[in-house]
1. Give the residue that is most open to solvent (accessible area, probe 1.4 Å), with candidates limited to residues of the range 154-164 that are under 20 Å from Arg138 (Cβ atoms) and of a type outside the set (S, T, N, Q).
2. I'm trying to understand the selection: among the residues of the range 199-224, which are within 19 Å of Asp4 (Cβ to Cβ) and among the hydroxyl-bearing types (Ser, Thr, Tyr)?
3. Taking the range 43-98 as the region of interest, how many residues are closer than 30 Å to Asp4 by Cβ and among the small types (Gly, Ala, Ser)?
4. Kindly indicate whether Phe76 is assigned to a helix (DSSP H, G or I), open to solvent by less than 30 Å² (accessible area, probe 1.4 Å) and closer than 29 Å to Tyr198 by Cα.
5. Looking at the range 176-184, is at least one residue at negative phi, outside any loop (DSSP other than H, G, I, E, B) and surrounded by fewer than 19 Cβ atoms within 10 Å (Cβ to Cβ)?
6. I need a count of the residues in the range 172-195 that are closer than 19 Å to Ser43 by Cα, out of contact with any His (no Cβ under 7 Å at 6 or more places or on another chain) and charged (D, E, K, R).
7. Give just the number: which of (1) within 27 Å of Pro172 (Cα to Cα); (2) open to solvent by 10 Å² or more (accessible area, probe 1.4 Å); (3) part of a helix (DSSP H, G or I) does Leu42 not satisfy?
8. Could you identify the single residue in Thr166, Thr189 that is polar (S, T, N, Q), under 17 Å from Leu54 (Cα atoms), without any contact (Cβ under 8 Å) to a residue 60 or more places away in the chain and assigned to a loop (DSSP other than H, G, I, E, B)?
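The values are calculated or read from the model by the stated rules, or taken from the named source; none is laboratory data. Just so it is clear, the model here is predicted, and its values are computed rather than measured. Cβ atoms come from the backbone with ideal geometry, glycine included; neighbour counts cover every protein chain shown. Only protein heavy atoms, including side chains, enter the accessible area calculation; ligands, DNA and RNA are left aside. Shrake-Rupley method; radii C 1.70, N 1.55, O 1.52, S 1.80 Å.
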Amino acid sequence: MDIDKLPLHVGVIMDGNGRWAKKRLLPRKLGHKSGMERMIGLSEHAKKSGVKYLTVYVMSTENLVRRPEDEIEGLFGLIRKYFTAQAEKLYARGSGIKIIGDISALPEDVVKILTDAENASPANPVFTLVFAINYGGRREIISAVNRAVERGEKVTEENFARLLYTAEIPDPDLIIRTGGESRLSNFLTYQSAYAELYFTDVLFPDFSDAEFDRAIAAYAARDRRFGRA
């Protein structure tokens, strides 16, 4: 593929883990475990494809308060059990990680795991896996506005972008949503203004490298005009 047609930053709304488990008569937490394994594999494939940033929607602000407590605890359990080891594997391959979202609302031990892993991330990695955890686009915008007000700053597009969680990360070129829904669900609300959108019925644990390549090919075939005629 023409390197100029390759997205620099891809966002993924990883929908369908619970339904994937339900179809197999499995607990929802096993769906999330399968989704986590697929996410790690997908990040490696994205890196090999030439993508520089992959942002995955792990947990929204709405998920934290509306999902059953045992399901949320299951997600925290996955972080406790696997996050540090998986992050170290990414670092060994020249990749880095970044956490976006309000993780202060999470259990203290989970916050420490996430913070320690992010602090250990190498500088200037060739690829960055961005985890959106307890993330909400509207909350991010409001938080950025409040910081600008506190600093007495007049907001411009340039300085506003620097107040977001994604400061120093380019806006997403492509956002993929698996699982059959066709909405962004409060994901990268400000940053996705000119992103190309790709929706698929495939549940996330079944979203293979080949499915990812189809999304990239669909993106490459589009004419991105950014408001031009």
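1. By that ranking, first place goes to Arg162.
2. Tyr219
3. The total comes to 7.
4. yes
5. The answer is no, given that none of the residues of the range 176-184 is at negative phi, outside any loop (DSSP other than H, G, I, E, B) and surrounded by fewer than 19 Cβ atoms within 10 Å (Cβ to Cβ).
6. Qualifying residue count for the region: 1.
7. Every condition holds for Leu42 apart from (2).
8. Thr189
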